[in-house]
1. Pairs of lysines 8 or more apart, or on different chains, with alpha carbons under 19 Å: count those in chain B, would you?
2. May I ask which residue of B:Val260, B:Ile370, B:Tyr50 lies farthest towards the positive end of the charge dipole of chain B, with charges of +1 (Lys, Arg) and -1 (Asp, Glu) on Cβ and the Cα centre as origin?
3. Provide the buried accessible surface between chains B and A in square angstrom, both chains summed, 1.4 Å probe, rounded to the nearest 100.
4. Give the Rg (one decimal place) followed by the Dmax (whole number) of the stretch B:155-291, computed from C-alpha coordinates and expressed in Å.
5. What fraction of the DSSP beta bridges in the protein assembly as shown is antiparallel, stated in percent and rounded to the nearest 5?
6. Could you tell me the center-to-center distance, by alpha carbons, between the stretch A:179-197 and the stretch A:113-144 in angstrom?
7. When all protein chains stay in place, what accessible area (Å², nearest 10, 1.4 Å probe) is found for A:Val129?
8. Can you give the relative contact order of the stretch B:18-369 as a percent, counting alpha carbon pairs under 8 Å and 6+ residues apart?
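The values are calculated or read from the model by the stated rules, or taken from the named source; none is laboratory data. Nothing here was measured: the structure is a model prediction, and the numbers come from that model. Neighbour counts run over all protein chains shown; Cβ positions are idealised from the backbone, glycine included. Note: areas computed on protein heavy atoms with side chains; ligands, DNA, RNA excluded. Shrake-Rupley method; radii C 1.70, N 1.55, O 1.52, S 1.80 Å.
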Amino acid sequence: MSTQKNPNDGNVFLIDMTKCTGCRGCQVACKQWNQLEAEKTEFFSGEGYQNPPAMSDKTFTRIKFRDYQKNGQNEFAFYKEMCMHCNEPACASVCPVGAFHKTEEGPVIYNADRCIGCRFCMIACPFGVPKYEWSKAFPLVKKCTGCYSRIKAGMKPACATACPTAISYGPRHEMIKEAERRLTMYPDRYLKTVYGKEEAGGTSVMYLTALPFDELGFKKVTLRPLPGYTWQALRLVPSVFLTVGGGLSALSWINHRKERLSRLRDEEAENTETKEDK
Amino acid sequence: MTAARYVINEIKGYHRFIKFLIFLVVASALASLVRFVFGLGATTNLNDTYPWGLWISFDVVTAVPLAAGAFTLGAIVHCFHIKKLEPLVRPAIVTGFLGYSLVCVGLLLDLGQPQRGWHVLRYWNLHSPMFEVSMCVMAYTTVLFLEFLSPVCEKFGFYLPLRVLRWLEMPLVIAAAAISTLHQSSLGTFFLIAVDKLHNLWYTPVLPLLFWMSAICAGLSIIILEATASHKWMGQPNEGVLLKTLAKILPWALGAYLCVRIGSLVFLSQGPYFDSPALLILFAIEVGIGFVLPLIMLMQSRIRNSDSRRATAAGLVVFGLVLNRFNVSMFGMMHGDKIYFPSFIESVVTIGIIAAHVLFFVLLAKYFPIFEHHPETVDYSLPDRFQKVGAVGARH
Ligand code: SF4
Ligand code: SF4
Ligand code: SF4
C-alpha cells in the first residue's frame, strides 16, 4: 500500500488561502496539463461564484468562493479543492485490487489498468475526491494525479507552477516549518492551525486560512488515519477463521463420538440381552 | 426441434405465477443490457455523491445475509447435532446457492469494469474488506455448489460422486460456517471506513459483529418463511414440528443481537443520536418492529406453535434485517438536501433478481429431490458394477 518510508520526506502543497486571488489559473493549468474536457456550466450555479459546481471526472481541482463581511466590507475567501494525497490514504486501503498507492515522492496515484470500477474508493475517501466517469458504459475513476509525471521529470505540479501567489511546493517538513513561521509572523492574519497537518493522519496538501475551515467548505475529518478503522476488524480475520473452523470441528467430533459411543452401548446391551436369553 | 417443443409445452403447463416470474426475469435481463449500452450514469440515479445505490444495498449487502440460512442450519444440524432438522438443510442450501449466484450477477452489473472482476484474484489487497468479501463469496459459492450437487447426483443416479460428496459433507459444512462468518461480518467492515459519513445511530466499531449476528437471525427466519410458504403453495410436506424447534433457537439469537446492539449504542458510539428526525424514525422502526417485536412474539409458545404467527414473526425479522442493511448502506449515509432514489432501471433489475431467485427455486424443487430428502432413505452404497473401483479405493 504505502511505499513511503517517512511521509515527511515526500513533497507537499502548502496552499495559503489568504494569498489566493481567485484567478483560477490552477484550474486552467490542471485542465490543460491533464487534457481534460471542458464542462458546460452556468454562472451563479450552486453556492457561490464558483464554476463548475463540483469536482468531477473532468475537473480535478476547483476554487470555491465564499463572500463574507469584514469590518463592514465585502470580502472574498477561497478554497482550492483537490486530492489531499493522504499519507495513509483510505482510497488505497479499501481498493480490492490495490489500484491506488502512495508514492515515495508524495502523490497518491491511480493505476487505471487494475481498477474494476467498484467505487469503494469514493465511499472511503473522507474528502470526497475520487470521481467516476458516469457517462461511459465501462467507467473508471478519475482524480488529481498530483502531477506525478511532472514530479518524475523534476518539475512542479501544473497548478503549483501556474499559481502566481498562493501555492508553495516542497518537502513536508520544510513546508510545515514555513507554515508555522507564517503563523507566528502574522498571527492576526491566520486561523491558528494548519489544515492537513494532522487531518486523516496527515496529508500532502496543507492549507492556511483566515476563516474557520468548515465555513470555507473544508470537510471535518477524523485525525486518525482511516485505514486503521477497517484494519482493526480485518486483522482478526485469520484468528476468527481458525476459531470458528476449529471450534465447530471439535464440537462435531465430540458430538459424533458421543453418538457412536451411545450406539455401541446400545448394541452391547442388545448383545448381552440376547446372550441372557440363551 | 422436439426438445424445443418439449420445453415449450412444459412451460405452457406452468402456473400463471411462474409465467409472471419468467416475464420479470426477462425484463430485468433486458434492463441490464440497457445498462451496458448506455452506461451507469444514464441508467441509474447514482452520482459522485452517492456512488453506491440499490444494487449494492440490496443485491449485495442485503442479499448475502438473506442467504445465510444455509450455513447457520448446516452448523446447527451437523455440528450442534440437532439431527432432526436435517430435512430443512437441503432447501436452505439451494436457497443459499441461488442467492449467492445472484449476488455475483448483481455485483457484475454494478461494477464499472465487470470483465476485470477476476483482477481480485490477481492483485491482492489484504487491507481491503471488499477483497476479503469477494474471495469469501467466490469460495462460498463453490462450497454451496458442491453441496448443491448432491440432489443433482441423486436425481441422475451418479453413485461415485455421491459417495465423494457424502464424505465431504462435514468438511464442507465447517468450511461454509467459517467462510460465512468472515464475509458476513466483513460486509459490516465495509462501512467502518465511512467515519463521519455513516450516522452515529449505526456507526459502531462492532458493526462487523452485528452484521454477522443479524445474518444468523435472518438466515433462520428465511428458513421458517420458506418452509411455510412451500408447504402452503407448493404442496410440500408440513415441517411445522421442525420449525417450532427453529423458532425456539431464534429468540436466543435475536436477544444476543439486541444486547450487543444496545450495548454498542450505549458504550461505543460517539456523537449525537437525535440530530436527524428522519433517521431516528428509521432506526426506531428497524429496531422496534424488526427485532424487538419478533423477539417478544417468539418468546411465547402460543406464537411459536402457530404456523402463520410464527411465519409473521420470521417475516418481521427479515424486514428488520433488510431495513438495517438499507439504513447502514443507504439512508444513514445521506446528508443534507441531496437524496438518492433508485431509477426505474435499477428497480426493474433488482425486482428481476428477486423474481429469478423465486423462479429458480420453484423450478429446482419441481425437478430435483430437494424437499423429499430424508438422508436415511438415500442409498449411498455402490451398485455392483462399481465394486472394483470401491475395492481399489479401499486399499489406499
Ligand atoms: S484525499 Fe481521498 S483520494 Fe486523495 S489520497 Fe486521500 S483518500 Fe485518496
Ligand atoms: S473503483 Fe477502482 S480504484 Fe476505486 S476501489 Fe474500486 S477497484 Fe479500486
Ligand atoms: S496536482 Fe496536477 S492534477 Fe492535481 S490539481 Fe494540480 S495540476 Fe491538477
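1. Lysine pairs meeting both conditions in chain B amount to 10.
2. Positive-most Cα among the choices belongs to B:Ile370.
3. Counting protein atoms only, the buried area is about 4700 Å².
4. Considering the stretch B:155-291 through its Cα atoms, Rg and Dmax are 19.7, 63 Å.
5. Given both bridge residues lie in the protein assembly as shown, the antiparallel proportion sits at roughly 80 percent.
6. Measuring centre to centre over Cα atoms gives 34 Å.
7. Here the residue's solvent-accessible area equals roughly 10 Å².
8. 31 percent
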